[in-house]
């Protein structure tokens, strides 16, 4: 089960896409489900990783990989995302858990 909100981490791309809720995921399913490639993943607020490799148009919930992203690895992803968004002081970006990091990504999007 996905703990929303979550982010999409596209393989080979430093941008993170915020997904606020299951409803938003389903509402936007058409644009997301058809654009995933091998290596893309959804990271939820608990840090659980879900595969987006082989989604079919009738599957609304990506399968769990059984893996969880380490907090340090997620902080690195958020810092890279912030850097590409031309945020200053990315070295100061820090948070205590994945949910706080996802909230930070949402607030970066709100600032644009």
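The values are calculated or read from the model by the stated rules, or taken from the named source; none is laboratory data. Worth saying up front: this structure is predicted, and the values here are computed from it rather than measured. For neighbour counting, all protein chains shown are included, and Cβ atoms are generated from backbone atoms with ideal geometry for every residue, glycine included.
Among residues that are loosely packed, with under 12 Cβ neighbours inside 10 Å and at pLDDT 90 or above, residue 70 is included. So for the stretch 42-62 (the condition being modelled with pLDDT under 95, within 15 Å of the chain's Cα centre (by Cα) and over 20 Å from residue 15 (Cβ atoms)), does at least one residue qualify? Scanning the stretch 42-62, I find at least one residue that is modelled with pLDDT under 95, within 15 Å of the chain's Cα centre (by Cα) and over 20 Å from residue 15 (Cβ atoms), so the answer is yes. For the stretch 22-41, the set of residues classified as farther than 21 Å from residue 68 by Cβ and either modelled with pLDDT under 85 or under 14 Å from the mean Cα position of the chain (by Cα) (or both) consists of 24, 26, 27, 28, 29, 30, 31, 32, 33, 34, 35, 37, listed by residue number. Is it the case that residue 14 is within 17 Å of residue 101 (Cα to Cα), surrounded by 13 or more Cβ atoms within 10 Å (Cβ to Cβ) and at pLDDT below 90? Against the criterion (within 17 Å of residue 101 (Cα to Cα), surrounded by 13 or more Cβ atoms within 10 Å (Cβ to Cβ) and at pLDDT below 90), residue 14 qualifies. In the condition set (1) under 18 Å from residue 25 (Cα atoms); (2) modelled with pLDDT of 85 or more; (3) more than 13 Å from the chain's Cα centre (by Cα), residue 82 is compliant with all but (1).
Filter the stretch 85-107 for residues that are part of a helix (DSSP H, G or I) and in contact with a helix residue (DSSP H, G or I) (Cβ under 6 Å, 6 or more places away or on another chain); which is surrounded by the fewest Cβ atoms within 10 Å (Cβ to Cβ)? Ranking the qualifying residues of the stretch 85-107, first place goes to 90.
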